[in-house]
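Structure, as structure tokens:
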Amino acid sequence: MSTPLKIKIIVGSTRANRFSEKPSQWIYELAKQRADLDVELLDLRDYALPFFEEAFPPGYAKDNYDNPIVIKWREKIREADGFILCTPEYNHGYPAVLKNALDYVYHVWGRKAVGFVSWGGTGGTRGVEQLRLVAVELDMVPLRWAVHIGNPWFIQDISQIATDQNNAAAAALLDNLTWWTSALKAARK
């Protein structure tokens with residue numbers, strides 16, 4: 001059996017009273033059931049990155065950072081083979097804290113697959129649409145498959161996320177993330 005793929009699931013919101021823990025924990029638990037994946041949940045609350053303040057733009061910083069928090073974030077992202085970004089949709093977009101986390105360590109995202117779990121009035125589709133554009137610029141491979149959770153305001157616990165529709169979408173996401181992550185890992189070698 002080959003070595004499991006290292007997948008980082010990123011909680012893309014840091015605000016108080018956030019819904020983010022529920023869908024992030026749900027997809028994490030599903031991914032942990034797969035023998036071909038080694039998953040870790042990364043909460044942006046644990047990486048208090050300052051707003052991007054480097055002397056050079058993200059693509060030109062060349063991974064040269066002095067801030068220990070940024071270095072810790074970079075190393076955590078570097079060890080990953082692929083990602084799932086869990087994000088709310090705010091005003092037809094995604095949170096600034098998630099964009100900042102993506103921008104800061106520009107080079108270590110490259111040539112890795114990324115999937116999305118989102119929520120909001122339209123299931124977070126508009127925010128994910130924008131994130132796919134950012135992922136392309138970061139030289140990532142954004143997946144077509146995603147989980148979109150509508151009307152999260154009425155969801156009290158994780159069991160309400162685990163609908164037949166969401167479970168089927170999650171299975172497709174994980175299957176495709178595994179395929180793309182495996183292919184890209186082989187290609188990077």
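The values are calculated or read from the model by the stated rules, or taken from the named source; none is laboratory data. Everything numeric in this text was worked out from a predicted model, so none of it was measured. Neighbour counts are summed over all protein chains in view; Cβ atoms, including those assigned to glycine, are modelled from backbone coordinates with ideal geometry. Accessible surface is based on the protein model in full, side chains and every heavy atom, while ligands, DNA and RNA are left aside. Shrake-Rupley method; radii C 1.70, N 1.55, O 1.52, S 1.80 Å.
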Neighbours by Cβ (under 7 Å, 6+ apart or cross-chain): first from the stretch 166-188, at pLDDT 95 or above; second assigned to a helix (DSSP H, G or I) and hydrophobic (A, V, I, L, M, F, W, C) = Ala170/Ile27; Ala170/Leu30; Leu174/Leu30; Leu174/Ala31
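Here is a check on your reading of the model: is Lys8 on the phi < 0 side of the Ramachandran plot and buried (at least 16 other Cβ atoms within 10 Å of the Cβ)?
yes
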Would you mind finding the one in Ile161, Ile84, Ile155 that is out of contact with any Asp or Glu (no Cβ under 8 Å at 6 or more places or on another chain), at pLDDT below 95 and β-branched (Val, Ile, Thr)?
-> Ile155
Any chance Arg34 is open to solvent by 30 Å² or more (accessible area, probe 1.4 Å), under 25 Å from Ala172 (Cβ atoms) and either part of a loop (DSSP other than H, G, I, E, B) or at pLDDT 95 or above (or both) = yes
Tell me, which residue of the stretch 11-31 that is surrounded by fewer than 17 Cβ atoms within 10 Å (Cβ to Cβ) and of a type in the set (S, T, N, Q) is farthest from Gly93 (Cα to Cα)?
-> Gln25
Specify the residue that is surrounded by the most Cβ atoms within 10 Å (Cβ to Cβ); the eligible residues are those in the stretch 105-148 that are among the polar types (S, T, N, Q) and over 14 Å from the mean Cα position of the chain (by Cα).
-> Thr125
Tally time: how many residues in the stretch 1-60 are touching a Ser or Thr at 6+ places or on another chain (Cβ under 7 Å) and among the hydroxyl-bearing types (Ser, Thr, Tyr)?
-> 2
Within the set of pairs 6 or more residues apart or between chains, which connect a residue that is within 25 Å of Ala80 (Cβ to Cβ) inside the stretch 115-126 to a residue that is assigned to a loop (DSSP other than H, G, I, E, B) and open to solvent by less than 10 Å² (accessible area, probe 1.4 Å) with Cβ atoms less than 7 Å apart?
-> Ser118/Gly124
For Glu75, the lone unmet condition from (1) surrounded by fewer than 19 Cβ atoms within 10 Å (Cβ to Cβ); (2) in a loop (DSSP other than H, G, I, E, B) is (2)
